[in-house]
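Engineer: Pasting in a structure now, in structure tokens, and then I'll have a few things to ask.
The values are calculated or read from the model by the stated rules, or taken from the named source; none is laboratory data. As the structure is a prediction and not an experimental result, all values here were calculated from the model. Cβ atoms come from the backbone with ideal geometry, glycine included; neighbour counts cover every protein chain shown. Heads up: the accessible areas ignore ligands, DNA and RNA and are worked out on the full protein's heavy atoms, side chains in. Shrake-Rupley method; radii C 1.70, N 1.55, O 1.52, S 1.80 Å.
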Amino acid sequence: MVPAVLFSAGLDSAVLLTDAAARHGGAQPVYVSAGLGWEASERRVAERFLAALPAALHVRPLVSLTVDMRDVYPPTHWAVRGEAPGFDTPDSDVYLEGRNVVLLSKAAVLVARERLSRILIGPLAGNPFPDASPAFFETMARALSLGLDTPITIEAPLLTMHKEDVIVRGRTLGVPFELTLSCMQPVNDQHCGRCSKCRERRDAFRAADG
């Protein structure tokens, strides 16, 4: 059975999706919109990325879901404004409370209705946030399985990898990285070069090439 893959058009989720499709004979990409400033660009880039994938991967058309968080995050929130903290800021400055709680909850309802059973999500090694730990994913899967009365597993296959490792893996899969977007304030669907996600991406490619 093909897995549902949380896909944002970012580098990590692009490799996650491509790898899952290659391993399992297909995959269902799922995009969850929360009303954040960069999402329109991500959606456009996601569609271009998916259109470029080989048909032999059997990646299904993108399913877009919505959980609007703008009634929880205030209008002044950097993620709602689409104005990310600076280039050299730490991960803690871009923490979004409940991010994976929201993504997984909405995706799980889709998975239950479509009679799938697995959700793949792409946090990496060193992720400091409380909703990106193995204990959280295991507990969340149990709760969703109980609440939806169907077995659901949550897998984070990249959790032992750093971004440069993901790049190396993506290259072996032929992932078109030029069609991915890892940026919190994109300009014309391109990387801004000024946010911490752009810095992480730049440093990871340098490490992968080193």
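Engineer: Looking at segment 171-210 only, could you name the residues that are more than 24 Å from Arg81 (Cα to Cα) and touching a Ser or Thr at 6+ places or on another chain (Cβ under 6 Å)?
Structural biologist: Leu173, Val175
Engineer: Let me spell it out: the conditions are (1) under 12 Å from Asp12 (Cα atoms); (2) without any contact (Cβ under 8 Å) to a residue 40 or more places away in the chain; (3) out of contact with any strand residue (DSSP E or B) (no Cβ under 9 Å at 6 or more places or on another chain), and Pro151 meets all of them except one. Which number is the exception?
Structural biologist: Among (1) under 12 Å from Asp12 (Cα atoms); (2) without any contact (Cβ under 8 Å) to a residue 40 or more places away in the chain; (3) out of contact with any strand residue (DSSP E or B) (no Cβ under 9 Å at 6 or more places or on another chain), Pro151 violates only (1).
Engineer: Another question, if that's okay. Looking only at residues that are part of a helix (DSSP H, G or I) and without any contact (Cβ under 8 Å) to a residue 24 or more places away in the chain in segment 172-191, which one is nearest to Leu36 (Cα to Cα)?
Structural biologist: Among those that are part of a helix (DSSP H, G or I) and without any contact (Cβ under 8 Å) to a residue 24 or more places away in the chain, it is Glu178.
Results for (1) open to solvent by 50 Å² or more (accessible area, probe 1.4 Å); (2) in contact with a Cys (Cβ under 9 Å, 6 or more places away or on another chain); (3) not acidic (Asp, Glu), shown as yes or no for each residue.
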residue	(1), (2), (3)
Glu164	yes, no, no
Val168	yes, no, yes
Val175	no, no, yes
Glu178	yes, no, no
Cys183	no, yes, yes
Pro186	no, yes, yes
Cys195	no, yes, yes
Asp203	yes, no, no
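Engineer: Which helices (runs of 4 or more DSSP H) does segment 18-123 wholly contain that include 2 or more residues that are open to solvent by less than 20 Å² (accessible area, probe 1.4 Å), among the hydrophobic types (A, V, I, L, M, F, W, C) and within 29 Å of Arg199 (Cβ to Cβ)?
Structural biologist: 39-52, 99-113
Engineer: Could you tell me which of the residues Leu146, Leu159 is open to solvent by 70 Å² or more (accessible area, probe 1.4 Å), of a type in the set (A, V, I, L, M) and free of Cβ contacts under 8 Å to residues at least 40 places away in the same chain?
Structural biologist: Only one candidate qualifies: Leu146.
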